[in-house]
Amino acid sequence: MEFLSPTTLADALAARAEHPGAVAIMGGTDVMVELNFDRHRPPALLDLTRVEELATWDRVGDEVRLGAGVTYTRVVEELAVELPGLALASRTVGSPQIRNRGTVGGNLGAASPAGDAHPALLAAFAEVELSSLDGARRVPAHEFYTGPKKHAGRPEELVTAVWVRAATGPQQFSKIGTRNAMVIAVAAFGLALHPERQGVGTGIGSAAPTPRRATDAEAFLAAELDWEHRRDVPPDVATEFGRLVAAAASPIDDVRGTAAYRRHALAVMARRCLGWAWTDHQREAA
Ligand SMILES: Cc1cc2nc3c(=O)[nH]c(=O)nc-3n(C[C@H](O)[C@H](O)[C@H](O)COP(=O)(O)OP(=O)(O)OC[C@H]3O[C@@H](n4cnc5c(N)ncnc54)[C@H](O)[C@@H]3O)c2cc1C
């Protein structure tokens, strides 16, 4: 197996164009499992760990440009203020070892419906930066996931970053698994409040062929919340929000849980996230 190890982004993109069969590898926490189980034997690996441009994040105006090679540990330690939803989700990923190696770019590259970064990125209206020798383009997260473990990146492209507006309001993330740690989500939910536009963002994980937003639930809640006076959310509004989130999912029965349980769990997580986020929003005003 050939091992390509570029040290600059330009060289990485050139290698991507030259070796269409090469599998990109960042933290390797997904790729190495595939190789170890002999599920996949690619002709070449394209190692991206030496490409410094991928391993940095920057504040650009009111957005954060998060390089694809930034690990979960760094998101937790360095970006909890700007990207609170993603930081909360990152805390739940695997173990310290996995968080030290695993990256948000790798989660996007794998595009698993159960990936924990996705609900937070969807809720924050993030955009994925895809680059090739022809340049870079930005794809809204909700258009990035195209099928189970499939995404909108072309063979000659790499995920180079994700762009997320720095939070303007509270964000929450909730995940249900069969145990407390080192667990693939049975279902997950991300919520972001965007008070400056009186908007609501949501992200559903592990309960549809792709991560997805619950757009009817977002529109309903945005219209019902008392943005001006921040009065308590009426219980029937929270219940309806949970119902609409659950209705937006299309889960399956599998070894981790039943479709019915996943829908129930989503309704509960949506109500809880709303309660936590709205309480934070009320406290900010106090
Ligand atoms: C024990 C264990 C526990 C785990 N727990 C969780 C968990 O709780 N939550 C969770 O979401 N995931 C979990 N994972 C899965 C994995 O850690 C994550 O998906 C992680 O984000 C992968 O990042 P990585 O950098 O290691 O990716 P890699 O393994 O390097 O790559 C993952 C995929 O993305 C592609 N890729 C990598 N970089 C790029 C790029 N720049 N452009 C295009 N494609 C690219 C690769 O070709 C591959 O298909 C776990 C894995 C293990 C082994």
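Computed from the coordinates by the stated procedures, all read-outs in this text should not be read as laboratory data. Fair warning: this is a prediction, and the values are worked out from it, not measured in the lab. All Cβ positions, even for glycine, are placed from backbone atoms using ideal geometry, and neighbour counts span all protein chains on display.
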Cα-based shape type of the stretch 1-119, given that a ≥ b ≥ c are square roots of the gyration tensor eigenvalues and the cut on a/c is 1.5:
oblate
Mind jotting down the distance between the C-alpha centroids of the stretch 56-130 and the stretch 137-201, whole Å?
8
Checking the a/c ratio against 1.5 first, then a/b against b/c, what shape does the Cα gyration tensor give for the stretch 38-178?
rounded
Fully extended, how many nm does the chain gain between ASP236 and ARG197 (0.36 nm per residue separation, minus their Cα-Cα distance)?
11.7 nm
Helix-only [θ] at 222 nm, the chain, -39500 (n - 2.57) per DSSP H run of 4+, per residue, nearest 500, equals -10500 deg cm²/dmol
Rounding to the nearest 10 and keeping the result within 0 to 90°, find how far the Cα-based axis of helix 235-248 lies from the longest principal axis of the chain.
30
So how strong a dipole does the stretch 67-165 carry about its Cα centre when Lys and Arg Cβ are +1 and Asp and Glu Cβ are -1, to the nearest 20 debye?
240
Residues in the stretch 37-62 near a label at MET1, defined as backbone nitrogen under 14 Å from the 7 Å Cα→Cβ point?
37-48
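Between ASP253 and SER95, take the C-beta separation as r, use R0 = 22 Å, and let me know the FRET efficiency to the nearest 0.05.
0.20
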Assuming R0 = 30 Å, what is the FRET efficiency of VAL60 and ARG154, from their Cβ-Cβ distance, to the nearest 0.05?
0.75
Top positive-direction residue, dipole computed over the chain with Cβ charges, set VAL33, LEU225, PRO251:
PRO251
Work out the length of the dipole vector of the chain about its Cα centre, built from +1 on the beta-carbon of each Lys and Arg and -1 on the beta-carbon of each Asp and Glu, and round it to the nearest 20 debye.
820
Here the gain from full extension of THR8 to HIS264, 0.36 nm per residue of separation minus their alpha-carbon distance, amounts to 87.5 nm
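Among the trypsin sites (Lys or Arg not before Pro) within the stretch 163-262, which fall in a DSSP loop and have no more than 12 other Cβ atoms within 10 Å of their own Cβ?
ARG179, ARG231
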Go ahead and run the numbers for FRET between HIS40 and THR168, Cβ-Cβ distance against an R0 of 41 Å, rounding to 0.05.
0.50
So, with +1 on the Cβ of K and R and -1 on the Cβ of D and E, and no other charges, what is the size of the charge dipole of the stretch 90-217 about its Cα centre, to the nearest 20 debye?
380
Classify the chain as rounded, prolate or oblate, taking a ≥ b ≥ c as the square roots of the eigenvalues of its Cα gyration tensor: rounded when a/c is under 1.5, otherwise prolate if a/b is larger than b/c and oblate if not.
prolate
